[in-house]
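The values are calculated or read from the model by the stated rules, or taken from the named source; none is laboratory data. What you are looking at is a predicted structure, and each value in this text was computed from that prediction instead of being measured. Neighbour counts are summed over all protein chains in view; Cβ atoms, including those assigned to glycine, are modelled from backbone coordinates with ideal geometry. Surface areas here come from the heavy atoms of the whole protein model, side chains and all, with no ligands, DNA or RNA. Shrake-Rupley method; radii C 1.70, N 1.55, O 1.52, S 1.80 Å.
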Amino acid sequence: MDKYDIVIIGAGTSGAYLAKRMAEKGHSTLVIEKSSKAKVGTKYDIFHIEAREFSRLGIPRPEEGDPEWAFEFEKNYNADPLTLYPKLQRNHVVGLHLHEYTLLMDRLAEEAGAKIVYGAEFLDFTFEEDGKINGVTYKYRGAEKTVGARIVADCSGINAEGRTKLPDGYGIENGPLTDEDMFYVILKYVKLKNPKDYLDGSTFWAAYKSWIAPCADPEGAIIGLGACHSFEYAEKMFEEMEKTVPLPEYELIKVEKGRTPYTRHPHSLVADNFIVSGDAGSLTKSANGEGVTSSIYELTIAVNTLDRALKLNKTSKEYLWEINKKYNETQGAEFAFLRALLVGVVNAASFDEYEYAFKSGIISDELLNAMVGSPILPKTLIEAASAFVSGLTHKNIRVSTVKAAVKALKNAMDISAHYKNFPSDPGDFESWTKKTDEIYMRIGKIK
Ligand SMILES: Cc1cc2nc3c(=O)[nH]c(=O)nc-3n(C[C@H](O)[C@H](O)[C@H](O)COP(=O)(O)OP(=O)(O)OC[C@H]3O[C@@H](n4cnc5c(N)ncnc54)[C@H](O)[C@@H]3O)c2cc1C
């Protein structure tokens with residue numbers, strides 16, 4: 001039986017990135033990918049990466065003319081439901097074709113020495129007598145195969161095929177995501193009828209978790225919406241959104257549908273000889289459900305720990321634990337803060353309150369730019385605060401919404417502080433998770 005240092009389930013962007021980095025460090029690396037090479041990364045066409053992320057994470061940056069490249073833009077508007085007071089955030093974004101970019105990442109992994117077997121479907125784990133993972137079984141060309149692994153990484157996407165097959169008590173929650181833990185996303189690729197409507201950037205309507213953004217065709221656009229529960233519910237919300245938002249006239253070209261996790265990541269991302277990443281670990285951004293670069297961020301942390309663990313020949317949970325610690329102290333805390341805040345505010349705010357927040361300057365260009373790193377002037381904060389007080393006085397903002405926002409802010413601060421205080425010792429994990437669950441009970445889920 002073949003044995004690899006690491007076997008990775010899934011050759012999407014997460015699996016490919018991990019494979020490349022582990023192979024570069026000299027570890028024998030096998031990726032088993034259910035899809036054929038022709039189908040990998042075809043779950044939808046266009047995705048976005050913020051331009052600054054390429055160098056931060058050391059991932060390839062396609063340029064105009066490359067097969068992966070689709071378009072770029074810098075203007076990101078955020079708008080009230082009626083789109084009367086849009087606010088502008090400047091953030092350079094690159095639109096890429098997911099299939100082509102996945103193939104590029106897969107190719108780089110192979111060039112680094114990783115082996116990718118397409119058409120190989122993970123079935124289950126194999127275990128040592130002591131109960132620790134020591135390999136996987138998979139189906140390839142109708143036959144069941146077994147391969148040994150010192151570490152298995154689940155990068156199989158939203159269904160978390162590996163994580164959900166772990167035995168109870170293995171150290172990571174093994175339940176599948178529910179309909180309330182994900183966004184059902186509908187993307188309408190359209191042709192805009194009037195040249196005056198051609199896009200120079202994207203517009204996001206937080207009230208509907210909806211957006212219009214450029215696509216590869218400069219005369220076209222992608223109109224998207226994400227909602228929990230089901231695709232049927234998302235379609236209903238799409239109809240509601242179109243009643244209020246003044247979208248440009250368009251001709252529908254095609255519709256794509258997909259699901260993205262919108263929930264907390266598992267309390268632990270590692271167990272004995274095991275790590276989870278990508279959508280399988282719900283590592284998507286709280287602001288918008290995007291997950292390519294946020295998953296790769298976790299892997300930039302993981303690679304060094306996995307490398308050391310393999311070299312020491314100590315790959316039990318204790319030796320992988322620092323991945324949890326470093327992730328939770330940084331992006332984990334940051335995402336948890338924002339998600340708790342958004343869940344509270346978005347669930348509470350009415351359309352009229354959205355309109356007021358945009359009109360009055362509570363939400364401003366400066367505030368949005370501060371979210372992507374620009375400095376914020378005290379003047380902006382004072383103006384936002386006085387618009388807020390005036391809104392309360394004149395009943396443009398309900399007291400119940402303010403109470404919900406204050407509660408959301410408290411929950412956000414609590415969960416962020418709690419993640420930053422993630423235990424260094426796995427022995428303290430149980431009491432930490434108990435408190436985490438209590439805070440999440442208070443936070444609730446996005447409606
Ligand atoms: C409509 C939509 C738009 C999005 N837009 C963006 C965006 O603009 N920017 C962004 O960053 N993110 C975006 N996301 C989220 C992003 O697509 C995911 O976070 C990201 O693709 C996750 O990568 P992954 O490698 O973890 O999983 P995946 O890309 O899902 O890859 C998992 C791989 O595992 C394989 N696999 C599954 N089961 C098995 C098995 N049993 N055995 C072997 N292989 C298996 C699959 O075939 C697949 O190739 C969007 C999501 C949706 C739904």
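Brief remarks on what is shown
- Those residues of region 48-68 which are touching a Lys or Arg at 6+ places or on another chain (Cβ under 8 Å) and open to solvent by 70 Å² or more (accessible area, probe 1.4 Å), in sequence order: Ser55
- Hey, Asn347 more than 16 Å from the ligand (Cβ to nearest atom) and either open to solvent by 70 Å² or more (accessible area, probe 1.4 Å) or out of contact with any Gly (no Cβ under 9 Å at 6 or more places or on another chain) (or both) or not: no
- Check on Asp217, part of a loop (DSSP other than H, G, I, E, B), open to solvent by 20 Å² or more (accessible area, probe 1.4 Å), in the same structural domain as Glu256 (by TED's automatic domain parsing) and away from the ligand (no atom under 14 Å from the Cβ): yes
- Helices (runs of 4 or more DSSP H) enclosed by region 339-422 - at least 2 residues per element that are under 30 Å from Thr436 (Cα atoms), small (Gly, Ala, Ser) and in contact (Cβ under 8 Å) with a residue 24 or more places away in the chain: 399-420
- Remark: Thr401 falls outside the filter, which requires a residue to be open to solvent by less than 30 Å² (accessible area, probe 1.4 Å), more than 30 Å from Glu74 (Cα to Cα), of a type in the set (Ser, Thr, Tyr) and modelled with pLDDT of 95 or more.
- Residues being open to solvent by less than 50 Å² (accessible area, probe 1.4 Å) and of a type in the set (D, E, K, R) - total across region 324-344: 2
- Within region 423-447, tally of residues that are more than 14 Å from Asn324 (Cα to Cα) and not in a helix (DSSP H, G or I): 4
- Test result for Asn134, in a strand (DSSP E or B), within 27 Å of Asp272 (Cα to Cα) and either within 15 Å of the ligand (Cβ to nearest atom) or out of contact with any helix residue (DSSP H, G or I) (no Cβ under 7 Å at 6 or more places or on another chain) (or both): yes
- Scanning region 99-126 for residues that are farther than 18 Å from Leu30 by Cβ and open to solvent by 10 Å² or more (accessible area, probe 1.4 Å) gives His99, Glu100, Leu103, Leu104.
- Complete set of residues in region 264-285 that are within 13 Å of the ligand (Cβ to nearest atom) and either small (Gly, Ala, Ser) or not in a helix (DSSP H, G or I) (or both): His265, Leu269, Ile275, Val276, Ser277, Gly278, Ala280, Gly281, Ser282, Leu283, Thr284, Lys285
- For the residues Leu166, Leu225, Leu247, the requirement of being free of Cβ contacts under 8 Å to residues at least 60 places away in the same chain and open to solvent by less than 20 Å² (accessible area, probe 1.4 Å) singles out Leu225.
- Residues in region 297-323 that are outside the structural domain of Gly135 (by TED's automatic domain parsing) and within 19 Å of Tyr17 (Cβ to Cβ) were compared, and the one that is surrounded by the fewest Cβ atoms within 10 Å (Cβ to Cβ) is Ile323.
- Qualifying residue in region 165-183 (condition: modelled with pLDDT of 95 or more, within 16 Å of the ligand (Cβ to nearest atom), among the β-branched types (Val, Ile, Thr) and under 30 Å from Gly65 (Cα atoms)): no
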